[in-house]
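Visitor: Sharing a structure, written as structure tokens. Questions coming.
A short reminder: the numbers here are calculations on the coordinates, not readings from a lab. Only a predicted model underlies this, so the values are computations on that prediction, with no experimental measurement involved. Heads up, the Cβs are rebuilt from the backbone with ideal geometry, glycines too, and the neighbour counts pull from every protein chain shown.
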Amino acid sequence: MAKIHQHDLITSVADALQYISYYHPQDYITALAEAYDAEQSPAAKDAIAQILTNSRLCAEGHRPICQDTGIVCAFVKVGMDVQWEGATMSVADMVNEGVRRAYVHPDNKLRASILHDPAGKRINSRDNTPAVIHFDVVPGETVEVKIAAKGGGSENKAKFTMLNPSDSIVDWVVNTVPTMGAGWCPPGMLGIGIGGSAEKAMLLAKEALMEPIDLHELRARGPSNRLEEMRLEIYDKVNALGIGAQGLGGLSTVLDVKILDYPTHAASLPVAIIPNCAATRHAHFTLDGRGAARLDPPDLSQWPEVQWTPVAESRRIDLDTLTPAEVASWKPGDRLLLNGKILTGRDAAHKRMTEMLAKGESLPVDFRNRVVYYVGPVDPVRDEVVGPAGPTTATRMDKFTDTMLARTGLLAMIGKGERGAVAVEAIRKHKAAYLIAVGGAAYLVSKAIRGSKVVGFPDLGMEAIYEFDVKDMPVTVAVDARGESVHESGPREWRQRIGKIPVAIG
Ligand code: SF4
């Protein structure tokens with residue numbers, strides 16, 4: 001009978017979460033490097049180059065791949081013959097203690113994103129606890145743990161349906177992926193769960209994402225069952241949609257499609273999709289009574305020699321003298337290097353600001369002729385002015401956009417992914433612009449930030465309003481002052497070029 005010590009599980013969870021915060025899985029990097037070599041869309045290739053460059057910087061600097069360091073999800077299989085030596089905590093408490101230690105680690109502090117009272121006050125737990133933990137009790141005398149730090153942007157795009165048993169699963173997936181937009185930071189993976197009950201299908205989709213990327217091996221050896229056939233079919237059809245990296249249009253939207261299934265009711269066909277993003281983060285370890293798990297650092301010589309630099313045609317923009325006329329001159333797809341001061345703000349700050357404006361109160365910060373960056377940065381360590389600070393999903397700010405543009409004199413916004421129709425219309429009406437930075441390149445983006453101070457709502461923590469002083473911060477114009485969007489034109493163009501799906505020209 002194996003004796004497992006509580007501190008070994010706590011230490012192993014903490015070490016694994018630190019490890020995955022800065023090391024991508026090797027299989028993801030290999031697949032992304034292949035996608036980089038094959039990519040023909042300049043915008044998508046540039047985005048992949050940023051993600052690969054960011055990955056190496058994070059691995060070398062031991063800092064998070066993304067500013068969203070995720071919600072921790074754990075699948076724990078506890079052997080029935082395991083004996084817990086001197087344990088004072090439940091196994092769930094041990095996992096949560098490991099999460100706490102990982103997220104407050106002084107050398108690599110991770111962002112605390114978990115809020116208590118989600119339907120009410122939404123109070124940050126400050127150490128990213130609790131994790132979402134799934135237990136299985138199995139024969140044997142080991143404890144197996146699969147642990148992931150799942151980004152909110154990709155988790156928010158999860159989908160579920162109850163199909164009729166005669167419906168096509170492939171058709172539903174291929175029709176559903178475009179509705180997910182680009183806020184899940186492709187290229188990534190799709191986890192698909194089929195069967196069981198509603199909650200079982202969702203769980204299968206999440207667990208499927210814990211498997212390594214091996215689509216090319218599958219294609220080389222050929223499918224041996226219906227699920228493997230579906231993996232290939234969905235992979236090919238989703239990539240033929242032309243969505244591409246960051247939704248900019250291109251050849252690689254998914255690097256793999258993983259499917260798990262379970263028996264289901266004769267009347268039912270539950271299907272779930274959970275996407276995984278450019279910050280794919282998961283680790284697996286087994287405890288057998290011989291101490292805490294050891295995760296060896298990856299061999300960085302396996303990372304491709306990709307060193308992102310701004311494209312030659314990038315325009316330098318002086319934010320401190322920015323005018324409405326200059327913003328109106330930007331075109332979709334223009335690459336800009338921002339210099340000067342930007343303000344930040346995301347969900348909680350926007351909600352509070354629009355409530356204050358509705359009550360006739362003045363804001364703590366003047367947004368006139370300024371640019372706002374939708375970001376919740378990681379706290380700095382050592383000599384950093386700010387930790388990794390990549391963009392958050394812009395659609396969550398859509399409902400505030402008209403008010404912000406109309407009432408504050410704001411000129412432009414920076415985020416990731418597409419804007420919804422209501423925001424695009426507001427941008428067109430106020431002749432503003434929406435710019436994108438690359439989601440999943442947060443540490444690289446933070447290198448452009450030379451100064452940082454909180455200028456409003458300090459009680460909101462990472463959601464406070466900061467003023468950043470930036471030098472050559474790389475962004476792309478995604479929606480221009482006429483309301484034209486690269487997230488519509490890019491995928492349409494690449495779908496047409498790939499030529500496997502009919503495209504309405506317009
Ligand atoms: S890569 Fe995108 S979706 Fe993933 S954690 Fe980062 S911001 Fe969120």
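Visitor: Using a simple spin-label model with points 7 Å from Cα along the Cα→Cβ vector, what separation in nm is obtained for ALA325 and GLU425?
Guide: About 3.1 nm, to one decimal.
Visitor: With just the Cα atoms defining each centre, how far is segment 8-72 from segment 76-101? Give it in Å.
Guide: Between the Cα centres of segment 8-72 and segment 76-101 lies a distance of 28 Å.
Visitor: Using alpha carbons only, how many degrees (0 to 90, rounded to 10) separate the axis of helix 26-38 from the longest principal axis of the chain?
Guide: The angle comes out near 40 degrees.
Visitor: Using Cα positions and a limit of under 22 Å, work out the lysines in reach of LYS429, with same-chain residues fewer than 8 apart set aside.
Guide: LYS331, LYS351, LYS399, LYS416
Visitor: Once the other residues with Cβ under 14 Å from the Cβ of THR403 are scored (Lys, Arg +1; Asp, Glu -1), what is the net sum? Can you show the working numbers first?
Guide: Numbers: positive: LYS351, ARG352, LYS359, LYS399, ARG407, LYS429; negative: GLU355, GLU361, ASP398, ASP402, GLU425.
Spelling it out: positives minus negatives among the neighbours equals +1.
Visitor: From the alpha carbon gyration tensor of segment 41-191, can you work out the equivalent ellipsoid semi-axes (sqrt of 5 times each eigenvalue) and give them in Å, largest to smallest?
Guide: Details: eigenvalues 191, 121, 59 Å².
Each semi-axis is √(5λ); the values are 31, 25, 17 Å.
Visitor: Now for a different question. Just how many % of Cα pairs in segment 3-287 lie over 26 Å apart, if you round to the nearest whole percent? Intermediate values should be presented prior to the final figure.
Guide: On the way: 18651 of 40470 pairs.
Result: 46 percent of Cα pairs exceed 26 Å.
Visitor: Mind checking which of GLY222, VAL174, GLY98 is farthest towards the positive end of the chain's charge dipole, using Cβ charges of +1 (Lys, Arg) and -1 (Asp, Glu) about the Cα centre?
Guide: Projecting each Cα onto the dipole axis, the largest value belongs to VAL174.
Visitor: Also, I was wondering about something else. Can you give me the Kirkwood hydrodynamic radius for segment 150-286, using every pair of distinct Cα atoms, in Å to one decimal?
Guide: Details: mean 1/r = 0.0671 Å⁻¹.
The answer is 14.9 Å.
Visitor: What would the Debye formula give as log10 I(q)/I(0) at q = 0.24 Å⁻¹ for the alpha-carbon point model of segment 14-114, no solvent?
Guide: Log-scaled intensity ratios, in q order: -1.23.
Visitor: Which loop-located trypsin sites (Lys or Arg not before Pro) does segment 109-196 contain, where loop means any DSSP state but H, G, I, E or B and the Cβ has at most 10 other Cβ atoms within 10 Å?
Guide: Details: sites: LYS109, ARG111, LYS121, ARG122, ARG126, LYS146, LYS150, LYS157, LYS159; in loops: LYS109, ARG111, LYS121, ARG122, ARG126, LYS157.
Those that pass, being in a loop and sparsely packed, are LYS121.
Visitor: Here is a further query. Along Cα→Cβ, 7 Å out, is where each label goes; now give me the distance between the ones at LYS3 and VAL170 in nm to one decimal.
Guide: 5.6 nm
Visitor: On the principal axes of its Cα set, how long, how wide and how thick is segment 315-490? Give whole Å, largest value first.
Guide: For segment 315-490, the Cα extents along the three principal axes come out at 43, 39, 28 Å.
Visitor: Counting Lys and Arg as +1 and Asp and Glu as -1, each charge on the Cβ, what is the dipole of the chain about the Cα centre in debye, to the nearest 20? Don't skip to the end; give the middle numbers.
Guide: Working: 56 positive and 62 negative charges, 301 e Å.
Dipole size: approximately 1440 debye.
Visitor: Same structure, new question: Among ILE29, ILE436, GLY79, pick out the residue whose Cα is farthest towards the positive end of the charge dipole of the chain, where Lys and Arg carry +1 and Asp and Glu carry -1 on C-beta, about the Cα centre.
Guide: Highest projection toward the positive end goes to ILE436.
Visitor: In the neighborhood of MET230, defined by Cβ-to-Cβ distances under 12 Å, what is the net charge if each Lys or Arg adds +1 and each Asp or Glu adds -1? Display every interim value, and only then the final one.
Guide: Values: positive: ARG226, ARG231, LYS237, LYS258; negative: ASP171, GLU228, GLU229, GLU233, ASP236, ASP261.
Net local charge, MET230 excluded: -2.
Visitor: Give me D for segment 104-186 in µm² s⁻¹, whole number, from Stokes-Einstein with Rh from the Kirkwood sum over alpha-carbon pairs, 37 °C and 0.692 mPa s. Walk me through the numbers before you get to the answer.
Guide: Values: Rh = 16.9 Å.
Once the numbers are plugged in, D ends up at 194 µm²/s.
Visitor: Under a point-charge model restricted to the Cβ atoms of Lys and Arg (+1) and Asp and Glu (-1), what is the dipole moment magnitude of segment 315-490 relative to its Cα centre, in debye to the nearest 20? Write down the numbers at each step before the final one.
Guide: On the way: 25 positive and 23 negative charges, 47 e Å.
Dipole of segment 315-490, to the nearest 20 debye: 220 debye.
Visitor: What angle, in degrees between 0 and 90 and rounded to the nearest 10, separates the Cα long axis of helix 6-22 from the longest principal axis of the Cα atoms of the chain?
Guide: The helix 6-22 is inclined about 40 degrees to the chain.
Visitor: Same structure again: Measure out, as a whole number of angstrom, how far apart the alpha-carbon centroids of segment 418-445 and segment 326-353 sit.
Guide: 7 Å
Visitor: I've got another one for you. Relative to a virtual label point 7 Å from the Cα of VAL138 in the Cα→beta-carbon direction, which members of segment 255-286 show backbone nitrogen distances below 20 Å?
Guide: The answer is 258-263, 282-286.
Visitor: With each pseudo-label sitting 7 Å past Cα toward Cβ, what's the ARG290-ARG368 distance in nm, one decimal?
Guide: 7.0 nm
Visitor: Mean projection of the alpha-carbon convex hull of segment 421-471 over all orientations, in nm²? Present the calculation step by step, with values, prior to reporting the outcome.
Guide: Values: hull surface 20.8 nm².
Mean projected area for segment 421-471: 5.2 nm², to one decimal.
Visitor: From the P(r) of segment 157-232, can you give the percent of Cα pairs sitting at distances over 18 Å?
Guide: Working: 1347 of 2850 pairs.
When all Cα pairs of segment 157-232 are counted, 47 percent exceed 18 Å.
Visitor: To the nearest 10 degrees, how steep is helix 347-358 against the longest Cα principal axis of the chain, on a 0 to 90 scale?
Guide: Approximately 40 degrees, to the nearest 10.
Visitor: Given the convex hull over the Cα atoms of the chain, what projected area results after averaging over all orientations, in nm²? It would help to have the intermediate numbers written out before the result.
Guide: Details: hull surface 98.7 nm².
So the Cα hull casts an average projection of 24.7 nm².
Visitor: Positive end of the dipole of the chain, charges at C-beta (+1 Lys, Arg; -1 Asp, Glu), about the Cα centre: which of PRO118, MET356, ASN339 has its Cα farthest in that direction?
Guide: MET356
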